[in-house]
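The values are calculated or read from the model by the stated rules, or taken from the named source; none is laboratory data. The structure displayed is predicted, hence computed values, not measured ones. Positions of Cβ are generated from backbone atoms using ideal geometry, with glycine treated the same way; all protein chains shown enter the neighbour counts. The area values use the complete protein model at the heavy-atom level, side chains included, leaving out ligands, DNA and RNA. Shrake-Rupley method; radii C 1.70, N 1.55, O 1.52, S 1.80 Å.
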Amino acid sequence: ILVSLAIFGVVFGTLHVHPILFTALVLVAVILAVRELNHGFKLAGIIIPEYFLQIASIGVIAATYFGRVSGLSVAVAIALPNLWVFLLALAPAEFIKRVSAASLAIFYIPFLAGFIVLLAHDTDGPARILTLVVLVACNDTFAYVFGVLFGRHRLAPHISPKKTWEGLIGSLLATTIGASLIFHFVAHKHWWLGVLIGLMGVATATAGDLIESAIKRDLNIKDMGSLLPGHGGVLDRIDSVLFTAPAVWFVLELIKHWKL
């Protein structure tokens with residue numbers, strides 16, 4: 001709980017001062033998450049020079065801040081072919097395995113994290129980030145609480161044995177209520193839009209958590225790291241955020257476009 005409160009404080013503190021500080025915070029999280037994922041690759045015998053992944057990550061986040069969505073797409077389009085050529089020149093052995101893992105790292109972490117930067121780099125940035133935080137926090141917290149209190153039926157026993165259908169129901173209730181309140185009182189939009197985005201948030205956040213669990217299971221590791229007490233690694237903390245941010249950005253852009 002203390003770690004979560006500290007994270008929230010740092011997130012909204014940097015966002016309140018200036019978007020570039022918040023972007024720097026996102027970049028630090030991306031660098032640490034890439035490091036954790038690449039360490040997992042090494043344990044599985046997939047060797048990728050970390051410095052190239054980090055250079056690509058820094059380029060993607062910087063391009064997103066200065067070039068918005070165009071910068072994000074172009075940066076990834078430039079980073080991936082260069083990454084493939086670099087890995088081929090380094091060693092042709094197990095090329096598909098190494099290229100696939102490296103491409104996953106770029107798409108999974110800096111590319112998806114770029115949408116967090118896009119959400120913040122807006123005139124309504126704090127409200128947008130608050131929406132993202134509420135969606136993910138409500139989903140994760142109440143899925144855990146309802147799962148502990150009422151969990152009997154496993155949601156995905158072969159991927160994440162602790163997840164239950166009862167936890168999913170709890171997250172649906174809490175997230176839709178939380179999102180509708182944010183839309184009504186903070187964003188000053190129709191409350192039913194919050195319900196819809198809440199349902200979407202549960203789907204994306206749950207999927208993000210399951211995807212990371214599948215990766216860890218395949219790499220045969222319990223946690224991606226141990227930097228955050230009670231949470232594991234940085235990637236363990238932001239897995240749901242990474243999957244939810246692009247969906248939230250897209251929906252909010254549609255709402256703005258159609259003036260809903």
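Return the only residue of GLU36, GLU50 being more than 29 Å from PRO126 (Cα to Cα) and acidic (Asp, Glu). Quick ask: steps written out before the conclusion?
Details: GLU36 fails: more than 29 Å from PRO126 (Cα to Cα).
GLU50 is the lone residue from the list that is more than 29 Å from PRO126 (Cα to Cα) and acidic (Asp, Glu).
Restricting attention to the stretch 206-213, does a residue exist that is closer than 21 Å to ARG237 by Cα, of a type in the set (D, E, K, R), within 21 Å of the chain's Cα centre (by Cα) and loosely packed, with under 15 Cβ neighbours inside 10 Å?
no
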**OP:** Among the residues of the stretch 3-23, write down those that are free of Cβ contacts under 8 Å to residues at least 24 places away in the same chain and not polar (S, T, N, Q).
**Re:** LEU5, ALA6, GLY9, VAL10, GLY13, VAL17, HIS18, LEU21
**OP:** Go through the stretch 204-227 residue by residue and tally those that are of a type in the set (S, T, N, Q) and within 14 Å of PHE41 (Cα to Cα).
**Re:** 1
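Take PRO110 and decide whether it is over 28 Å from GLY13 (Cα atoms), open to solvent by less than 70 Å² (accessible area, probe 1.4 Å) and out of contact with any Asp or Glu (no Cβ under 6 Å at 6 or more places or on another chain). Even if it seems obvious, please write down each step before you answer.
Working: over 28 Å from GLY13 (Cα atoms): no; open to solvent by less than 70 Å² (accessible area, probe 1.4 Å): yes; out of contact with any Asp or Glu (no Cβ under 6 Å at 6 or more places or on another chain): yes.
No; evaluated as a whole, the condition is false for this residue.
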**OP:** Could you list all residues from the stretch 139-169 that are buried (at least 20 other Cβ atoms within 10 Å of the Cβ), under 19 Å from ILE238 (Cβ atoms) and not charged (D, E, K, R)?
**Re:** ASN139, PHE142, ALA143
Original post:
Among VAL202, VAL186, which is the only one that is modelled with pLDDT of 95 or more and of a type outside the set (S, T, N, Q)?
Top reply: VAL202
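Taking the stretch 5-18 only, how many residues are assigned to a helix (DSSP H, G or I) and open to solvent by 40 Å² or more (accessible area, probe 1.4 Å)? Quick ask: steps written out before the conclusion?
Of the residues in the stretch 5-18, the ones assigned to a helix (DSSP H, G or I) are 5-17.
Add one more test, that the residue is open to solvent by 40 Å² or more (accessible area, probe 1.4 Å), and what stays is 5-10, 12, 16-17.
Going through the stretch 5-18 one residue at a time, the tally reaches 9.
Could you tell me whether any residue of the stretch 221-230 is closer than 22 Å to THR64 by Cβ, among the small types (Gly, Ala, Ser) and open to solvent by less than 30 Å² (accessible area, probe 1.4 Å)? Quick ask: steps written out before the conclusion?
First, pick out the residues of the stretch 221-230 that are closer than 22 Å to THR64 by Cβ: none.
For the stretch 221-230, residues closer than 22 Å to THR64 by Cβ, among the small types (Gly, Ala, Ser) and open to solvent by less than 30 Å² (accessible area, probe 1.4 Å): absent.
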**OP:** Being surrounded by fewer than 16 Cβ atoms within 10 Å (Cβ to Cβ) and without any contact (Cβ under 8 Å) to a residue 40 or more places away in the chain is the filter here, so list the residues in the stretch 63-72 that pass it.
**Re:** PHE66, GLY67, SER70
